[in-house]
Amino acid sequence: MPRTDALLRDPRLAEAAVRLGSDAVKAAVRQAQERARHGAVAPEQVADTAVALLPPTAGGLRPVINATGVLLHTNLGRAPLSPAARRAVRDAAGPTDVELDLATGARARRGRSALDALRSRVPAAGAAHVVNNGAAALVLAATALAAGREIVVSRGEMVEIGDGFRLPDLLVSTGARLREVGTTNRTSAADYADAIGPGTGFVLKVHPSNFRITGFTHTPTTAELASLGVPLVVDIGSGLLAPHPLLPDEPDAATELRAGAALVTASGDKLLGGPQCGLLLGAEDLVRALARHPLARALRVDKLTLAALEATLTGPVTPTAEALTADPRDLTRRAERLAAQLSAAGIDVRAVACAATVGGGGAPGVTLPSAALALPEPYAAALRTGPVPVVGRLEGGRCLLDLRAVPAEDDVRLAEAVLAVRPAAEGPR
């Protein structure tokens, strides 16, 4: 049996100790030695076995290829960061001037350049603030403006935001009381006006971004609610900063603020295409007060998030925007090219037309024409657990690998991943 110290001098394992840490390498060596003791591998194969047992990264999260056809898949971390944002995160990983003015040596406003970039993208906002997610943005607003007071909200907007978290529970936890008005499908401006009184903290308008109500419905406009004499907070959810031609029914921050909203809250890791964070945009005095509230300290974002957000706002087009606007003809050509390549290798595959969705609690009911590789159903599990995890979807008894959320530069990796799991998916031939 090779000695542990001798194995750790193997160049591959020595390099891995630098990259992954010595504990991870020693654990792999011990597992390999144990296999040799039980006769599963020969003693001369222990080093190779240990190398094969090494984890791909020092953390538990594994990079995956999102071939689900859901652009903003919550279980896959929603928006993928742009190359510019990823570089910004790496640059910010060491000491930075996040709260220091290098010219004077004095303390500076935290994340000032990221906040300035956000203001530049939404000129209608008098000020901007960033917290750690969209729900936190709403919690900060409710705590600062309505603790011990009432929030007037339509019954049709009392939504559940995912994983069992319900908006009413979230708001009540801040110490505010909810004053529900209207009905599930119809609420008028008069309903809000009748409910407003001395105890009103603000009126809340929530975009029901993960469902649609159709038929006999009515919802007051932002302009109508802004005229009622109390602050209007609009939660737009998915984080569009300006109107998007492909998503005409999705609200955006600029339009809501111009219509009279005092404050707009949104998520940064959805249609904006940035890191997880919560955005607060609105009247300068209001946003400044929220930023100075004691709770803001507990909800603040770290320097890595600030760096990624700024690069998302000022850098090139994000992967989310590219996926949203991808030409279906290009997707079809990619699918046909990949299908031909894999078919030539003997795999049962064909290119098919399909429909993708936005996801992430945004643009409900909107479908995007797409193209996919259709493989036998066993490929779904094999690809998820393969060397390069690929997550697709099952449809019509086939595993579909939808290309709309897969960058074109990942086509080679995708084909290699399919080829790598063929034995597991198809069994002995």
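The values are calculated or read from the model by the stated rules, or taken from the named source; none is laboratory data. All values derive from a computational prediction rather than experimental measurement. Neighbour counts run over all protein chains shown; Cβ positions are idealised from the backbone, glycine included. Remember, those area values only see protein heavy atoms, side chains included, never the ligands or the DNA or RNA. Shrake-Rupley method; radii C 1.70, N 1.55, O 1.52, S 1.80 Å.
Overview of values
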read-out	value
Test result for G274, small (G, A, S) and either in a helix (DSSP H, G or I) or at positive phi (or both)	no
Candidate set from the range 366-380 (those that are of a type outside the set (A, V, I, L, M), assigned to a strand (DSSP E or B) and surrounded by fewer than 22 Cβ atoms within 10 Å (Cβ to Cβ)); member that is farthest from the chain's Cα centre (by Cα)	P376
Looking only at the range 178-221, and only at residues there that are among the β-branched types (V, I, T) and either free of Cβ contacts under 8 Å to residues at least 24 places away in the same chain or not in a loop (DSSP other than H, G, I, E, B) (or both), the one that is surrounded by the fewest Cβ atoms within 10 Å (Cβ to Cβ)	T214
Complete set of residues in the range 1-38 that are crowded, with 17+ Cβ neighbours inside 10 Å and either free of Cβ contacts under 8 Å to residues at least 12 places away in the same chain or not in a helix (DSSP H, G or I) (or both)	P2, D10
Among the candidates L383, L400, residue that is over 28 Å from L247 (Cβ atoms) and touching a residue at least 24 places away in the same chain (Cβ under 8 Å)	L383
Residue check for D97: in contact with a helix residue (DSSP H, G or I) (Cβ under 9 Å, 6 or more places away or on another chain), among the charged types (D, E, K, R) and closer than 21 Å to T314 by Cβ	no
Residue among V46, V98, V41 that is under 31 Å from the mean Cα position of the chain (by Cα) and on the phi < 0 side of the Ramachandran plot	V98
Residue in the range 116-137 that is modelled with the lowest pLDDT, counting only those that are part of a helix (DSSP H, G or I) and surrounded by fewer than 22 Cβ atoms within 10 Å (Cβ to Cβ)	A135
Residue that is least open to solvent (accessible area, probe 1.4 Å) [pool: residues in the range 138-161 that are in contact with an Asp or Glu (Cβ under 8 Å, 6 or more places away or on another chain) and either assigned to a helix (DSSP H, G or I) or within 18 Å of D269 (Cβ to Cβ) (or both)]	L138
Residue among G94, G69 that is open to solvent by less than 60 Å² (accessible area, probe 1.4 Å), at pLDDT 95 or above and under 23 Å from A381 (Cα atoms)	G69
Any chance P220 is under 22 Å from E322 (Cα atoms), of a type outside the set (D, E) and touching a Ser or Thr at 6+ places or on another chain (Cβ under 9 Å)	no
Matching option when the condition is in a loop (DSSP other than H, G, I, E, B) and within 29 Å of G164 (Cα to Cα), among A405, A326, A363, A355	A405
